[in-house]
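The values are calculated or read from the model by the stated rules, or taken from the named source; none is laboratory data. As the structure is a computational prediction, the values presented were derived from the model and not from experiment. Cβ coordinates were reconstructed from backbone atoms using ideal geometry, including for glycine residues, and neighbour counts include every protein chain displayed.
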Amino acid sequence: MYHDIIFFSANRRTAIGWKPEVEQVKMRGSGLSLERFIKGKAQRSKSDAKSKKKAIIHKAQRRRQYEKVKKREESADADSGGSSFYDRFFSELKSGKVDEDADEVEARVDRKQEQQEKKHVKPDPFFKAKKKAAVTKIENQRAREEKHKRIATAEKKVTQRKKRHVKLSQRTATGQPVVKNHINDILSRLQAEKKREGK
C-alpha cells in the first residue's frame, strides 16, 4: 500500500519559491486501511450476533411450545367430539339418530374402553434387560456384603491376636511372665473349644 507523503524542502535552485516534493513511500505495518476501518465500524460485533442468535432461538422455542399446546388442544377437542355430551345428545335427538339399540351403544363403549386400555398398556421393550440388571445388582450387593463380613471378621481376629500377644508378653518386675494372664488365656481357649463341640 502506497501513501502520498509530502516532504517540504527548499530547492536551492529556486531561491524565490519552493516546490513541495511528493514522494511515494511504502508504509509497512500500518494496520488497517481507511476503507476497511470504515467498513469494520458498520459490521456488528460478536456480542450483537450472539444476542441476535439467542433471540432467534428463543422465538423458535416459543413457536415450538405454542405448536405443542395447539396440537394438544386439537386432540382434546377431537377426543371430546368438539362439544359436550349433552350438546351431542340433544343434537342427535333433533336429527333422529337415537334409534340405535342399547347393544350397539354398549358395544361401542366397550370398544372405546379397549382402545384406551391398549393405549395405556404398552409392553416394555427392555423388560428382560431390566430384570437381568436387577438380578445382577442383587448378586453384586450380596457379594459385597459377604466380602465386608469376611474383612470385618479377619480384622477382629487380628486385633484379638494382638491383644492376646500383649497380655502374654507382659512380665513382672523380676522378668517372670504374669501367670494370671496365661491362666485366663488357657481358660478362654477351653471355653471356646467347648462351645464348638456343643454346636
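The table for this structure:
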| item | result |
| --- | --- |
| Filter result for GLU145 (at pLDDT below 90, assigned to a helix (DSSP H, G or I) and surrounded by 10 or more Cβ atoms within 10 Å (Cβ to Cβ)) | no |
| Test: ARG142 is under 30 Å from PHE85 (Cβ atoms) and either in contact (Cβ under 8 Å) with a residue 12 or more places away in the chain or within 49 Å of the chain's Cα centre (by Cα) (or both) | no |
